[in-house]
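Below you'll find the structure, written out as C-alpha cells, and then a few comments.
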Amino acid sequence: MLRRVIGNVAVRRQLQRTLSSKAGGSRKAGDVSAAVDSMLLRSLKEHYLEVSKMTPPPKVSPPSPFEIVKGSLEGTGAVLKKSLGNEEISLFVMRLAHGGDDEDDDGINQLFLHVAVSKPNQADSLHFLCGLYPDALGIHSVSMRPKLEDLELSDDPNQYTGPSFEELDEKMRDVFHGFLEERGVNESLFPFLQAWLYVKDHRNLLRWFKSVGTFVHENPTAENAS
C-alpha cells in the first residue's frame with residue numbers, strides 16, 4: 001500500500017511539460033529550478049498527507065513472554081526480547097525481499113529474522129539467520145558471533161562462522177529447529193512482526209517526505225516561487 005503513493009505518472013508528465021515549456025522560452029535557468037522545486041514541494045506535501053491518513057493495521061501483541069524493546073521503531077536494534085533461564089533471546093527483523101508477484105497488498109509476506117541467544121558469562125552469542133513466513137520458519141545459518149546492539153553483521157574474514165546450514169545432516173538441522181521452537185521462535189511471531197514492520201515503514205516514509213521537503217524548502221528559488 002505504501003508503495004502505491006510513489007511513482008505518480010501524472011506528476012512526471014507535468015514536470016516534463018514544465019521543463020519543455022521553460023526550455024523553449026527565454027527565462028533564466030533559476031526560474032526553471034524554482035518551478036521544479038515548487039512542484040516537488042507540493043507533491044511531497046500531497047503524499048505526506050495521503051500517507052498520514054492511511055489506516056494502520058490492527059494492533060497485534062507479540063507472543064508471550066516476548067516483550068517489545070522500547071524505541072525499536074526508531075532504530076535498528078532488537079525488536080523483541082525475552083529471558084529464558086540464564087539466556088536472553090533477542091529478535092531483529094527486516095524485509096527478506098521487495099517486490100514479486102506473490103506479495104500481499106502491504107508487500108510484507110516474508111521476513112528476515114535474526115535470532116541472538118546470549119548468556120551473561122559468555123562474550124559471544126549463538127546467532128541464527130532465518131526466513132520467517134506466515135506458516136513456517138527456515139534457518140539459513142547458525143554461527144557464534146559477538147553480542148549485537150543492532151543489526152550490523154560485519155564478519156571478520158579470518159573468523160570461521162560455521163558451515164552452511166544445508167551442509168549439516170538432517171538430524172542436526174531438525175535439532176536446531178527444535179532449539180528455536182523450544183524458545184518460542186516460530187511462525188507465531190509473523191503477525192506481530194508483519195504489523196510492526198508496516199508501522200516502521202509508515203513512520204520512515206513520513207519522516208522521509210518531511211526531511212526532503214524541509215531541505216527543498218530552504219532553497220531560495222523554491223521560496224521565491226511559492
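The values are calculated or read from the model by the stated rules, or taken from the named source; none is laboratory data. Keep in mind that what you see is a predicted model, and the values were worked out from it rather than measured. Cβ coordinates were reconstructed from backbone atoms using ideal geometry, including for glycine residues, and neighbour counts include every protein chain displayed. What goes into the accessible areas is simple: the full protein's heavy atoms, side chains included, and nothing from ligands, DNA or RNA. Shrake-Rupley method; radii C 1.70, N 1.55, O 1.52, S 1.80 Å.
Determine if segment 56-65 includes at least one residue that is modelled with pLDDT of 60 or more and touching a Lys or Arg at 6+ places or on another chain (Cβ under 6 Å).
Yes, because at least one residue in segment 56-65 is modelled with pLDDT of 60 or more and touching a Lys or Arg at 6+ places or on another chain (Cβ under 6 Å).
Could you check residue 151 against (1) of a type in the set (A, V, I, L, M); (2) at pLDDT 90 or above; (3) closer than 24 Å to residue 65 by Cβ and say which number it fails?
Checking residue 151 against (1) of a type in the set (A, V, I, L, M); (2) at pLDDT 90 or above; (3) closer than 24 Å to residue 65 by Cβ, the one that fails is (2).
With respect to residue 166, determine if the residue is exposed (fewer than 14 other Cβ atoms within 10 Å of the Cβ), farther than 19 Å from residue 86 by Cα and at pLDDT below 90.
no
Can you tell me which of 217, 177 is over 24 Å from residue 75 (Cα atoms), more than 27 Å from the chain's Cα centre (by Cα), open to solvent by 60 Å² or more (accessible area, probe 1.4 Å) and in contact (Cβ under 8 Å) with a residue 12 or more places away in the chain?
Step by step, each of 217, 177 is checked, and only 217 is over 24 Å from residue 75 (Cα atoms), more than 27 Å from the chain's Cα centre (by Cα), open to solvent by 60 Å² or more (accessible area, probe 1.4 Å) and in contact (Cβ under 8 Å) with a residue 12 or more places away in the chain.
Can you report the number of residues in segment 36-74 which are free of Cβ contacts under 8 Å to residues at least 60 places away in the same chain, in a loop (DSSP other than H, G, I, E, B) and surrounded by 13 or more Cβ atoms within 10 Å (Cβ to Cβ)?
Of the residues in segment 36-74, 1 are free of Cβ contacts under 8 Å to residues at least 60 places away in the same chain, in a loop (DSSP other than H, G, I, E, B) and surrounded by 13 or more Cβ atoms within 10 Å (Cβ to Cβ).
Which of the residues belonging to segment 106-130 are closer than 14 Å to residue 197 by Cβ and open to solvent by less than 20 Å² (accessible area, probe 1.4 Å)?
Result: 107, 108, 111, 113, 114.
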